[in-house]
1. Taking into account only those residues within the range A:66-89 that are of a type outside the set (A, V, I, L, M) and surrounded by fewer than 24 Cβ atoms within 10 Å (Cβ to Cβ), which is nearest to the other protein chains (Cβ to nearest Cβ)?
2. Here is a list: A:A228, A:A212. Which entry is within 30 Å of A:S151 (Cα to Cα), among the small types (G, A, S) and within 23 Å of the chain's Cα centre (by Cα)?
3. For A:R27, are the conditions met, namely being more than 8 Å from chain B (Cβ to nearest Cβ) and within 30 Å of A:V197 (Cα to Cα)?
4. How many of the residues in the range A:153-177 are part of a loop (DSSP other than H, G, I, E, B) and among the hydrophobic types (A, V, I, L, M, F, W, C)?
5. Just to verify a result, which residue in the range B:162-209, among those that are over 25 Å from B:R297 (Cα atoms) and in contact with a Gly (Cβ under 6 Å, 6 or more places away or on another chain), is surrounded by the most Cβ atoms within 10 Å (Cβ to Cβ)?
6. Among A:T311, A:T301, which is the only one that is over 16 Å from A:R160 (Cα atoms), touching a residue at least 24 places away in the same chain (Cβ under 8 Å) and in a strand (DSSP E or B)?
7. Return the pair list, or none, for Cβ contacts closer than 6 Å from residues in the range B:60-71 that are on the phi > 0 side of the Ramachandran plot to residues that are not β-branched (V, I, T), at least 6 apart or on different chains.
8. Can you find a residue that is in a helix (DSSP H, G or I) and either aromatic (F, W, Y) or closer than 24 Å to A:V286 by Cα (or both) anywhere in the range A:184-203?
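The values are calculated or read from the model by the stated rules, or taken from the named source; none is laboratory data. Just so we're clear, the structure is a prediction, and the values are computed from it rather than from any experiment. All Cβ positions, even for glycine, are placed from backbone atoms using ideal geometry, and neighbour counts span all protein chains on display.
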There are 2 protein chains.
Amino acid sequence: MTDAETTRETTVGELSEGQILRGILDRLPPSTALVGPGDDAAVLAVPDGRVVATTDTLVHGPDFRLAWSSAHDLGFKAAAVNLSDVAAMGARPVALLVALAMPDATPVSFVRGFADGLAAACAELAPGCAVEGGDLTVSDTLTIAVTALGSLDGREPVRRSGARVGDGVYVIGELGQAARGLDVLFRRFTDAEGAPVALTAEARADLSPADAHALSRQLTPHPPIADALRAAAAGATAMMDISDGLALDATRLADASEVTIAFASAALGDDAALALGGGEDHGFLVTFPADAVPLGRRVGTVEARGADAITVDGRAWTGRAGWDPYRDWDAGRG
Amino acid sequence: MTDAETTRETTVGELSEGQILRGILDRLPPSTALVGPGDDAAVLAVPDGRVVATTDTLVHGPDFRLAWSSAHDLGFKAAAVNLSDVAAMGARPVALLVALAMPDATPVSFVRGFADGLAAACAELAPGCAVEGGDLTVSDTLTIAVTALGSLDGREPVRRSGARVGDGVYVIGELGQAARGLDVLFRRFTDAEGAPVALTAEARADLSPADAHALSRQLTPHPPIADALRAAAAGATAMMDISDGLALDATRLADASEVTIAFASAALGDDAALALGGGEDHGFLVTFPADAVPLGRRVGTVEARGADAITVDGRAWTGRAGWDPYRDWDAGRG
């Protein structure tokens, strides 16, 4: 038996926590912390005396299916969605803490792939950010809880509440692709009963380029972190991660800023309804004053608060509002 | 129907994420952050430019049984075990981030009790620390992932690796009580098949004072956070949270410091084996140089590294080494 065949069959239930941890730590980017993994807690430098902190969880079933997401995909996505929230405040991500709760029968190869995905996300999206702590435990339900920490490097945080009447409204990143990718999964990769079927490399190769792109945005979102930091430096008045659909997230920003966001549908691409209603894009919604040099593409204007938090071509938006985990969960797993 | 009867039957599956969140936030201590809950991420002040960060997860089954732990107990414990890790670095806890993954059928009253438990732990153990962010999601398995953040306030972090030959070894907090409490649960509150049975107030009232005390240490650990901060200020050379049993945790500290920790069994109470092997105490293991004014009670001495990481009365320790979640998990729930 080759070494690969031996390790493929090993499960986390057969190893100690320390053995599993060593297999993870070896694959992660080197610590950049003052105190990295291995003590009771990590110690991180945030030179201006302020730390930005956020946490987001991925749960098997509501948030992913193992038939569709590889371990590498899950590591990448768990990091990306948290890095995105840090960057949305205008902060540079400095560290992740990763809690992983796994069934005993989880193959050790899953843990290695997951660690590689975390490492890839840090390297591609937030160089210098590393996994500086975490927790491993047993669970009937595979659960990934990530906390991301960031440094403002002397800038003011860019909040949801800062949009001002007359500002331009911009989007950095793609809209609707992640939702389209989810549709591809449910339409093409389920059986007659709606259960997920495996997303093989061969099946992916058969997809149209547009569907393949949408699928990759769903499985491994690539929030444009560096552009969000540039937007903060360029004088963005408000910014947020677009995670639950542009319409719902813009409503939140409009409510926090006590303004109305007026979208022009022509700026939202061929399918404005998908752009407004689709979730999990993990781009950024940003407002810039008229005298700023903006980033992204303009999709609307900040107006004085009217009857509606958002309008599309001057009318109230009556389409799908966005994603709510307590309404949209499909109880299946797979 | 009274209001209480109506709300008792409401489950989280019937509410939106926003509705559940409002029910939690109203019960938590007021934010002390620069930016508190409600934006993409929180912004916290850590005046000396360093933040201490740790994460720990409680999972239904391996970490708790709902027949034994109330929602309030779980909120308290989830906060306490993380506050403890921050304090073990010598840092003052400033914020918690709380990710809660719950089955749809979870009663809303559970969420309220859980929030009250979080609030009680902050108030009792770390005044000024508040829940500054979090995440709610659906899961088949009730899972609580907490991240705690702390400020060193200009002090150096107290690491595991700082123990020096000749230092005194001290314990702050009780030893073995949490393990004794777990034994009470498995001995007195299981049925013939070993399944948990409900821990009622009446049944608790029937326990001996010693068993009742041990049970409360198991269900709601009270790490002496303030004393850990005093120990750091008093010149502790090394410190760690005692979470996996004194013998195992002391082995980790001895290995990190490249020393041997020599315990005197007479200093470990009536049941030295329980004190050394029991888990979940959440007290602190601390080393002080001879010229410091120590806190806690002395249990041993730091010696030059010998054949064993720890000794008891000069001999190798051959008893139970401590708690490993991948070895000690009992797959039952209840």
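1. We begin by selecting, within the range A:66-89, every residue of a type outside the set (A, V, I, L, M); these are A:68-70, A:72-73, A:75-77, A:82, A:84-85.
With the extra rule that they be surrounded by fewer than 24 Cβ atoms within 10 Å (Cβ to Cβ), the set shrinks to A:68-70, A:72-73.
Working: A:W68: 18, A:S69: 16, A:S70: 21, A:H72: 22, A:D73: 18 Å.
Among those residues, the one meeting the criterion is A:S69.
2. A:A228
3. On the way: more than 8 Å from chain B (Cβ to nearest Cβ): yes; within 30 Å of A:V197 (Cα to Cα): yes.
It is true that A:R27 is more than 8 Å from chain B (Cβ to nearest Cβ) and within 30 Å of A:V197 (Cα to Cα).
4. We begin by selecting, within the range A:153-177, every residue part of a loop (DSSP other than H, G, I, E, B); these are A:153-159, A:163-167, A:173-176.
Right, trim to among the hydrophobic types (A, V, I, L, M, F, W, C) and you get A:158, A:163, A:165, A:175.
Going through the range A:153-177 one residue at a time, the tally reaches 4.
5. Filtering the range B:162-209 down to residues over 25 Å from B:R297 (Cα atoms) leaves B:183-208.
Those left that are additionally in contact with a Gly (Cβ under 6 Å, 6 or more places away or on another chain): B:195-196.
Working: B:A195: 13, B:P196: 19.
Here the answer is B:P196.
6. So the residue among A:T311, A:T301 that is over 16 Å from A:R160 (Cα atoms), touching a residue at least 24 places away in the same chain (Cβ under 8 Å) and in a strand (DSSP E or B) is A:T311.
7. Sorted first by the residue in the range B:60-71, then by its partner, the pairs are B:G61/B:R333.
8. The first filter runs over the range A:184-203 and keeps only residues in a helix (DSSP H, G or I), leaving A:184-188, A:201-203.
Going one step further and asking which of them are either aromatic (F, W, Y) or closer than 24 Å to A:V286 by Cα (or both), we end up with A:186.
Scanning the range A:184-203, I find at least one residue that is in a helix (DSSP H, G or I) and either aromatic (F, W, Y) or closer than 24 Å to A:V286 by Cα (or both), so the answer is yes.
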